[in-house]
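**Student:** My questions will all concern the structure given below.
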Amino acid sequence: HAGENVTYFNVQLLAYMGCNPIVLIGVDFSFVTPPPIKLDDNFGEIYNTSTISNHFCKDYRPEGESWTQPNLKEMQMSFTYALNHLHYRGVSLLNASRKTKLLDVPKVPLEKVLSLTI
């Protein structure tokens, strides 16, 4: 399952590699969208790159690139599923993001995660 985002894919990859715990960092789970430039029958609202940036890299989207709004509802459902599935397998999924709107995944202080010894 794709989970609607690359972070979910990486959670699956880390679980496959045997990582435990799996800790999310920087998952703010929020997006700001400009006014849509058009409505597509298949993809819904289409946006164009503007001064609004939702990524840590300011040049993530080149000028003029079209994109669709991330489906946060589907993403949330995917993370909740992953949390439950990983728990069943004995793997902890934690969220050490300082600011986040992601629900269900237990939050832990980033400082606590950084002080863990391997």
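The values are calculated or read from the model by the stated rules, or taken from the named source; none is laboratory data. Quantities reported herein were computed from a predicted structural model and do not represent experimental measurements. Quick reminder, even Gly has a Cβ in these numbers, built from the backbone with ideal geometry, and neighbours come from all protein chains shown. Ligands, DNA and RNA are stripped out before the accessible areas are found, and what is left, the full protein with its side chains, is counted by its heavy atoms. Shrake-Rupley method; radii C 1.70, N 1.55, O 1.52, S 1.80 Å.
**Student:** Roughly how large, in nm² to one decimal, is the mean projection of the convex hull of the alpha-carbon atoms in the chain?
**Tutor:** Reported value for the Cα convex hull: 8.7 nm².
**Student:** Something else: Take every Cα pair under 8 Å in segment 6-118 that's 6+ residues apart, average their separations, divide by the length, and report that relative contact order as a whole percent.
**Tutor:** For segment 6-118, the relative contact order is 32 percent.
**Student:** Can you put Asp41, Asp28, Asp59 in order of accessible area, largest first, using a 1.4 Å probe?
**Tutor:** On the way: Asp41 155, Asp28 70, Asp59 110 Å².
Sorted by accessible area, descending: Asp41, Asp59, Asp28.
**Student:** Residue separation times 0.36 nm, minus the C-alpha to C-alpha distance between Arg89 and Ile25: what's the value?
**Tutor:** 20.9 nm
**Student:** Excluding residues fewer than 8 places away in the same chain, name every one of the aspartates and glutamates whose C-alpha is closer than 18 Å to that of Lys99.
**Tutor:** Asp28, Glu111
**Student:** Moving on. What FRET efficiency do you get for His1 and Glu63 if R0 is 30 Å and r is their Cβ-Cβ distance, rounded to the nearest 0.05? Provide the component values of the computation, followed by the final result.
**Tutor:** Values: r = 33 Å, r/R0 = 1.10.
Computed FRET efficiency for His1 and Glu63 comes out at 0.35.
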